[in-house]
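The values are calculated or read from the model by the stated rules, or taken from the named source; none is laboratory data. It should be emphasised that the depicted structure is a prediction, and the values quoted were computed from it without experimental measurement. No Cβ is skipped: glycine too gets one built from the backbone with ideal geometry, and neighbour counts run over all protein chains shown.
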Amino acid sequence: MYNCSMKTRNNVYYGLPEVVKFCKLCVISNQRPSSTIEFRNLNDPKKTISIDKNGICDACKYNEIKKRTNWDLRNEQFLKLLERYRRDDGRYDCIVPSSGGKDSSFTAHKLKHKYGMNPLTVTWAPAMFTEVGRKNFENLGSVGGLDNLLYTPKEQIHSMLTRNAFLNLGHPFQPFIHGQKIIGPRIAAQMDIPLVVYGENQAEYGNSIEENDDFEMNQDFFTFENPADLLLGGVSVKEYISEFGYNISDFSAYFPITKAESVKAKTKMVYLGYFERWDPQECYYYACENTGFSAAPERSDGTYSKYTEIDDKIVPFHFFTTYIKFGIGRATYDACQEIRNDKITRDEAVSLVRKFDGEFPQTYFDDFLNYVEISQEQFHNQIDKLRSPHLWKLTNNTWELKHKVWE
């Protein structure tokens with residue numbers, strides 16, 4: 001097992017910038033990590049979002065590029081791309097990885113009804129469906145009229161990997177994100193469906209701006225050569241076998257396709273968000289109207305939103321650990337998107353972050369503890385190990401962030 005609180009210089013964990021800076025347009029800080037190839041994740045030093053000398057982050061700079069983009073031209077480009085894959089014999093001609101959430105529901109329904117494709121939605125099952133998540137997933141077919149293939153890994157293995165991901169990486173959502181990335185191209189290769197369409201490229205939220213110049217997903221995110229070397233929950237499959245007595249077949253659900261298999265299947269992974277201007281709140285409205293999507297009856301722990309990532313009970317703990325590790329919680333992520341899409345002002349966002357960021361995920365706390373088989377004491381001890389000294393201070397037995405966007 002590995003030490004999740006990897007220390008680097010001057011007691012700064014995870015290779016984060018020692019000096020904390022906030023974007024002047026949104027509320028993100030330079031502590032936000034870029035996207036990671038999850039099956040290579042060992043808590044190596046993180047590459048983080050760049051904030052320039054004028055105090056503007058890469059995500060906000062890319063948002064300005066989006067405003068100047070000729071979306072009609074991009075749409076024409078998408079139509080030409082789809083013509084290469086469109087089938088008229090009744091077979092599926094594209095795959096949309098989907099949990100029944102607003103973004104993937106929007107993507108699949110648009111492909112079917114705007115672009116005339118015949119999509120198959122493919123779901124890597126949430127670890128623990130929420131009630132509203134299960135309803136939205138079912139409505140994808142009953143209301144949205146979309147076919148679905150549900151892929152559910154063994155609970156015993158997935159819960160163990162989730163536990164290890166929490167204890168070793170401080171990242172309990174890692175096994176799900178891994179599965180979500182590999183399931184589309186895997187099923188595509190098996191079913192001879194060479195086109196897989198995701199919603200937006202996560203790069204637009206803070207990776208290098210140049211990553212948004214390509215509408216295809218980098219193959220490194222969904223291909224891997226040797227299953228024994230695969231890292232799951234911070235431990236290699238080889239080690240699970242040699243040290244803990246598992247069989248390699250126990251992990252077959254998590255194996256990505258190889259690059260050779262991807263080439264043979266002619267798999268192309270593309271982002272709809274490259275061709276249509278992406279706005280999560282507009283995706284929500286569209287999904288409500290067309291696929292029976294419903295917001296949760298109450299806001300999610302840690303934020304003011306009711307409709308973003310509400311399908312899995314693990315999600316609140318994912319955002320809570322990002323808050324502990326990077327000082328960036330769920331309200332910050334939601335507010336940044338809504339600032340860039342002109343839904344709220346920065347002042348409103350600061351108030352929302354101050355009120356909700358870092359709220360303890362109490363709603364599903366007992367479910368989470370039972371799923372990963374740890375005690376409350378183990379949970380809190382592990383959380384405190386994740387706190388980087390450059391971000392946190394302990395005052396009167398209470399942890400407090402040293403740097404806040406409202407100060």
Listing of helices (runs of 4 or more DSSP H) fully contained in the range 301-382 that carry 3 or more residues being more than 21 Å from ASN30 (Cα to Cα): 315-326, 365-372
Breaking point among (1) touching a Gly at 6+ places or on another chain (Cβ under 6 Å); (2) within 16 Å of ALA331 (Cβ to Cβ), for VAL405: (1)
Out of CYS23, CYS60, sole residue that is farther than 25 Å from PRO172 by Cβ, in contact with a Gly (Cβ under 9 Å, 6 or more places away or on another chain) and modelled with pLDDT of 95 or more: CYS23
Helices (runs of 4 or more DSSP H) lying entirely in the range 125-226 (those with 3 or more residues that are in contact with a Ser or Thr (Cβ under 9 Å, 6 or more places away or on another chain) and closer than 25 Å to GLN378 by Cα): 174-191
Neighbours by Cβ (under 6 Å, 6+ apart or cross-chain): first from the range 381-402, in contact (Cβ under 8 Å) with a residue 60 or more places away in the chain and within 10 Å of LYS325 (Cα to Cα); second of a type in the set (Ser, Thr, Tyr) and outside any strand (DSSP E or B): LYS385/SER5; LEU386/SER5
Some residue of the range 228-236 being free of Cβ contacts under 8 Å to residues at least 24 places away in the same chain, polar (S, T, N, Q), under 26 Å from ILE328 (Cβ atoms) and outside any helix (DSSP H, G or I): no
Positions within the range 323-345 being under 23 Å from THR162 (Cβ atoms), surrounded by 24 or more Cβ atoms within 10 Å (Cβ to Cβ) and β-branched (Val, Ile, Thr), in sequence order: ILE328
Residue pairs meeting the criteria (Cβ under 6 Å; at least 6 apart or on separate chains; first exposed (fewer than 14 other Cβ atoms within 10 Å of the Cβ), in the range 45-59; second at pLDDT 95 or above): GLY55/LYS24
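Okay, residues lined up against (1) buried (at least 23 other Cβ atoms within 10 Å of the Cβ); (2) in contact with a strand residue (DSSP E or B) (Cβ under 8 Å, 6 or more places away or on another chain); (3) closer than 23 Å to ILE314 by Cα:
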{"site": "LEU161", "(1), (2), (3)": "yes, yes, yes"}
{"site": "PHE166", "(1), (2), (3)": "yes, no, yes"}
{"site": "GLY184", "(1), (2), (3)": "yes, yes, yes"}
{"site": "GLU211", "(1), (2), (3)": "no, no, no"}
{"site": "PHE215", "(1), (2), (3)": "no, yes, no"}
{"site": "SER252", "(1), (2), (3)": "no, no, yes"}
{"site": "ALA265", "(1), (2), (3)": "no, yes, no"}
{"site": "TYR271", "(1), (2), (3)": "no, yes, no"}
Single match in ARG74, ARG91, ARG134 (criterion: within 22 Å of ALA203 (Cα to Cα) and modelled with pLDDT of 95 or more): ARG74
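Quick one: in the range 375-407, which of the residues that are among the β-branched types (Val, Ile, Thr) and under 28 Å from CYS336 (Cα atoms) is surrounded by the most Cβ atoms within 10 Å (Cβ to Cβ)?
Among them, the one singled out is VAL405.
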Where SER294 falls short, out of the listed (1) out of contact with any Lys or Arg (no Cβ under 7 Å at 6 or more places or on another chain); (2) within 30 Å of LYS67 (Cα to Cα); (3) part of a loop (DSSP other than H, G, I, E, B): (1)
